[in-house]
1. Select the strands (runs of 3 or more DSSP E) contained entirely in the range 104-183, then report the ones holding at least 1 residues which are within 16 Å of ligand 3 (Cβ to nearest atom).
2. Among the candidates Glu315, Glu401, Glu336, which residue alone is within 30 Å of Ile185 (Cβ to Cβ) and of a type in the set (Asp, Glu)?
3. Taking Thr196, is it of a type in the set (Val, Ile, Thr), within 16 Å of ligand 2 (Cβ to nearest atom) and either closer than 28 Å to Pro244 by Cβ or surrounded by 17 or more Cβ atoms within 10 Å (Cβ to Cβ) (or both)?
4. All but one of (1) open to solvent by less than 40 Å² (accessible area, probe 1.4 Å); (2) over 25 Å from Val288 (Cβ atoms); (3) assigned to a helix (DSSP H, G or I) hold for Phe373; state the number of the condition that does not hold.
5. One residue is enough: does the range 133-146 have a residue meeting the conditions farther than 22 Å from Asp174 by Cβ, surrounded by fewer than 20 Cβ atoms within 10 Å (Cβ to Cβ) and among the hydrophobic types (A, V, I, L, M, F, W, C)?
6. Of the residues that make up the range 199-222, is at least one part of a loop (DSSP other than H, G, I, E, B), more than 14 Å from ligand 3 (Cβ to nearest atom) and modelled with pLDDT of 95 or more?
7. Among Val158, Val175, which is of a type outside the set (Gly, Ala, Ser), touching a residue at least 40 places away in the same chain (Cβ under 8 Å), within 16 Å of ligand 2 (Cβ to nearest atom) and more than 23 Å from Thr147 (Cα to Cα)?
Amino acid sequence: MARIVMKFGGTSMAGTERIARAARIIKRQQEAGHEVAVVVSAMAGETDRLVNFCREASPLYDPAEYDVVVSSGEQVTSGLLALTLQSLGCKARSWLGWQLPFNTDHAHSKARIGQIETAALLESMAAGEIAVIPGFQGLSPQGRVATLGRGGSDTSAVAVAAAVKADRCDIYTDVDGVYTSDPRIVTRARKLDKVTYEEMLELASVGSKVLQTRSVSLAMKEGVRIQVLSSFVEDGAVPADDLPGTLIVSDEELEGSDMERQLITGIAADKNEAKVTLTRLADKPGAVALVFGPLADANINVDMIIQNVAKDKGETDVTFTVPQSDLARAMALLEERKDETGFYRMISDDHVAKISVVGVGMRSHAGIAATMFTALAERGINILAISTSEIKVSVLINADETELAVRLLHTAYGLDAQDEAA
Ligand code: ADP
Ligand code: ASP
Ligand code: MG
């Protein structure tokens, strides 16, 4: 017998028929003798709909009230899934964030998880009751509902898995695993049997939204074994225990099983960033601290940063990217501090995309970035910004060229499915 946390994403919860399919998968896991907790997302599209209501109501919305609105989607699906499981003859109940409780900090709309109370949950699971937990939501220290950031149900699932010391956390979605690139963009993407935490972390952070980034870092820290697999399967499909999906594993585990590792693990695109340029900042110590300090205080993550070569007059231009959802707030904050910061103009562009190639092979091989720049240049794709880490190279380009760039890089690095067979 094992203890399994199963998470079902938005497409797997989109409507009562799909909820019924998920319920049958869950029932099968329980019948295999496991103790089961389930974490669910809102129905696909529902959170977007709720976010739009908030934006319409107030463009610079209060994050605490935003959380009240957007957390409601998961409340609906958790109740519906518990009802469906009951109708299949299973014992099941929902546990809302405040009922466990699932404690978080007070950073509304991107709250971090604190401690999860598990005593009552474990007791109920041990008694054969399936626990259905709405993902994405927790309880702030002020006793208010707090959400974990978009895609946060993955992180809820991993956090529950760590808290109940689960043997595995199965993330059910609409693809049957993690691919070398988004299979909806690259038809010749290949499914990976195993990916390391480190590579998955980079892939997720640069746009492979199959897993939320924070879920991967939490899994890595807590040693949670994650499997990504499809919920769109027939009733007689290979059981989850036989690991039909992609396993996220430690570097040692992968080294032992895959001698022929590819140099590049995957390619990802992210259209959710926006570019901001501040012109003619003073070229002196402390100038950029005045820009980024207030953004950090407002919990706005800055990603790529370029500071151009100072001009003759001791001035410099700074370009950086922020999540599109934070662009209005970031600009308002900087505008407020215009006198203090001393920039001349602020220019924004939200029609950009970040394309990244990821692979631990980069540590030991030169020329990865050069291949990327050459391949993009050959197709006339202009690079607006570049950033790198030890195992990743990212470029910012015009959003219209996203799909083209991802496909041509997938080919340039020899990742296309047919290349492997050749
Ligand atoms: P869920 O609603 O189940 O959480 P998501 O939409 O968040 O599902 O994530 C699944 C989607 O992630 C897939 O439909 C796929 O288009 C996308 N995706 C992006 N990159 C990858 C990748 N490298 N491998 C698999 N899927 C990917
Ligand atoms: N429903 C939330 C979202 O769409 C959380 C999730 O699905 O993981 O972002
Ligand atoms: Mg998701």
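1. Fully inside the range 104-183 and qualifying: 130-134, 137-139, 145-147, 168-173.
2. Glu401 is the lone residue from the list that is within 30 Å of Ile185 (Cβ to Cβ) and of a type in the set (Asp, Glu).
3. Spelling it out, it is not the case that Thr196 is of a type in the set (Val, Ile, Thr), within 16 Å of ligand 2 (Cβ to nearest atom) and either closer than 28 Å to Pro244 by Cβ or surrounded by 17 or more Cβ atoms within 10 Å (Cβ to Cβ) (or both).
4. Every condition holds for Phe373 apart from (1).
5. no
6. The answer is no, given that none of the residues of the range 199-222 is part of a loop (DSSP other than H, G, I, E, B), more than 14 Å from ligand 3 (Cβ to nearest atom) and modelled with pLDDT of 95 or more.
7. Details: Val158 fails: more than 23 Å from Thr147 (Cα to Cα).
Among Val158, Val175, only Val175 is of a type outside the set (Gly, Ala, Ser), touching a residue at least 40 places away in the same chain (Cβ under 8 Å), within 16 Å of ligand 2 (Cβ to nearest atom) and more than 23 Å from Thr147 (Cα to Cα).
Quick grid of which residues meet (1) within 9 Å of ligand 1 (Cβ to nearest atom); (2) farther than 20 Å from Tyr413 by Cβ; (3) not acidic (Asp, Glu):
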position	(1), (2), (3)
Ser124	no, yes, yes
Ala127	no, yes, yes
Val145	no, yes, yes
Gly149	no, yes, yes
Ile171	yes, yes, yes
Val178	yes, no, yes
Thr196	no, no, yes
Ser208	yes, no, yes
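The values are calculated or read from the model by the stated rules, or taken from the named source; none is laboratory data. This one's a predicted model, so the numbers in the text were calculated from it and none came from an experiment. All Cβ positions, glycine included, derive from the backbone under ideal geometry; neighbour counts span all protein chains shown. We work out accessible area using only protein heavy atoms, side chains counted, and drop any ligands, DNA or RNA first. Shrake-Rupley method; radii C 1.70, N 1.55, O 1.52, S 1.80 Å.
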